[in-house]
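Notes to accompany the following structure.
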Amino acid sequence: MFLHFFVFLQANKTPATQAVFKNTIFTPFFTMHDLLIISTELVAVTHLTMAIVFFICAQRSVAYLAQAWISMLTFALYGAAIFYVATTSTAGIHPLGMFHPILLLVLLVVSFLLSINPLGMVMPGYLQAGRMLKYASPAAAIIILYVIGLMFGSRPVVLDSFDDVSCNLLSGDVLLRIASLALSTYYVLNIILLPHRLIRKSGYSLPANVVTYATLLGIVQLLLVVCSIWFTYALIIIYEVLFTAVSLMLSGCMIKAHTSIQPYPKIQIVKTPPTTEEIAKEEEKDFNAANARRFKSIEYAMQHEKPFVSPDFNREALCRLCGVNRHILLQTLRSQGYNDVHDYISRYRVTELRRLIEDHTVTDIRQHTAVGFRTLKTAVLAFERYEHLDLADFIAQCNAQG
């Protein structure tokens with residue numbers, strides 16, 4: 001896509017192009033047709049990338065499988081759209097005016113796929129073949145009828161105004177277009193309303209990001225509905241950019257949920273620390289092995305001196321304790337899977353807090369300062385992050401067990 005962008009950047013410095021973009025930041029470079037190709041490529045490439053990531057995640061959790069197939073089918077649809085737009089001139093697109101038939105078919109397929117997207121996120125077991133075929137049958141019927149009409153010589157009617165629509169209302173072509181638009185609108189409304197319906201009727205608890213995503217996605221799809229009624233380059237480009245942004249939001253939320261369940265590095269119990277000479281000797285031979293040995297010396301200091309119980313203990317204090325500079329310290333911790341020094345210190349504080357709770361030394365959530373946490377909020381968030389448990393509930397459970 002970036003190569004495509006560069007080629008257009010260099011090739012389209014023509015008087016005609018400059019006239020189209022007079023007084024805009026794009027003046028020397030693009031036509032709206034070029035921008036439509038680029039925005040369509042953006043949608044296609046984004047959903048291909050999402051599909052690959054979701055298929056990999058689906059090997060561990062079926063919740064990602066529906067998203068993977070929806071992203072792949074969206075990529076296939078917009079991949080075909082790239083070919084259509086790239087091989088159709090501006091003059092070939094504009095004469096169809098209102099209720100553009102190709103755009104209506106794209107709207108129908110995309111709206112169907114996206115209407116099952118929120119459901120697939122929270123109820124993947126519901127998306128069985130029988131239910132989906134029944135749900136898709138009206139859309140399939142419209143597409144089949146339209147294709148049969150084209151095969152038998154039917155040509156799309158040019159509609160430039162609502163008067164043209166009323167004059168040709170009884171033609172099969174226009175009736176199928178209106179049916180496609182109506183069914184697409186139904187699917188779009190389902191995108192927005194289905195999560196709320198699940199909450200209201202069944203009491204199903206949905207993550208906040210699912211409801212937000214469905215609402216934003218439905219609003220963005222309404223732009224495509226408007227484009228299908230009256231085609232404009234600017235609006236379809238805006239739609240594709242917003243559609244890509246909302247899809248990336250979904251991808252980020254789902255990947256975050258996937259990574260949040262990944263285990264953090266385990267604390268290594270060290271009884272005897274390696275000497276400085278051993279670390280220096282190892283550093284001459286193997287960079288990774290030297291980091292592993294240095295990490296053991298840091299672990300030994302943390303386990304036997306427990307400096308982290310002081311709220312003032314930080315990166316600089318750990319550097320002084322271990323006799324290394326902050327760059328070497330960060331390098332060593334990251335080689336063992338920690339993100340940064342704060343992550344490492346918090347891990348120890350949470351582990352110590354859990355031990356004290358299980359030993360009934362800590363029996364109240366307000367005793368979080370015993371392990372170095374300055375604020376209760378920090379303690380609660382860190383405990384939930386590393387232990388995947390609510391701190392107050394865990395304390396209450398341990399207290400109940402006596």
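The values are calculated or read from the model by the stated rules, or taken from the named source; none is laboratory data. Every value quoted in this text rests on a predicted model; they were computed, and no experiment measured them. Methodologically, a virtual Cβ is constructed for each residue, glycine included, from the backbone with ideal geometry; neighbour enumeration extends over all protein chains shown. Just the protein is used for accessible areas: all its heavy atoms, side chains included, with ligands, DNA and RNA removed. Shrake-Rupley method; radii C 1.70, N 1.55, O 1.52, S 1.80 Å.
Packing order of peptides 340-353, 220-233, highest average first: 340-353, 220-233 (average count of other Cβ atoms within 10 Å over each peptide's residues).
Farthest toward the positive end of the dipole of the range 351-402, out of A400, T351, T378, is the Cα of T378, where the dipole comes from beta carbon charges about the Cα centre. Scale the Cα Rg of the range 260-402 by the rule-of-thumb value 2.2 N^0.38 Å and send over the ratio, two decimals. This ratio for the range 260-402 stands at 1.13.
Accessible-area rank, largest first, for L376, L381: L381, L376, with all protein chains present and a 1.4 angstrom probe. Against the criterion of solvent-accessible heavy-atom surface with a 1.4 angstrom probe, V147, V324 sort, most first, into V147, V324.
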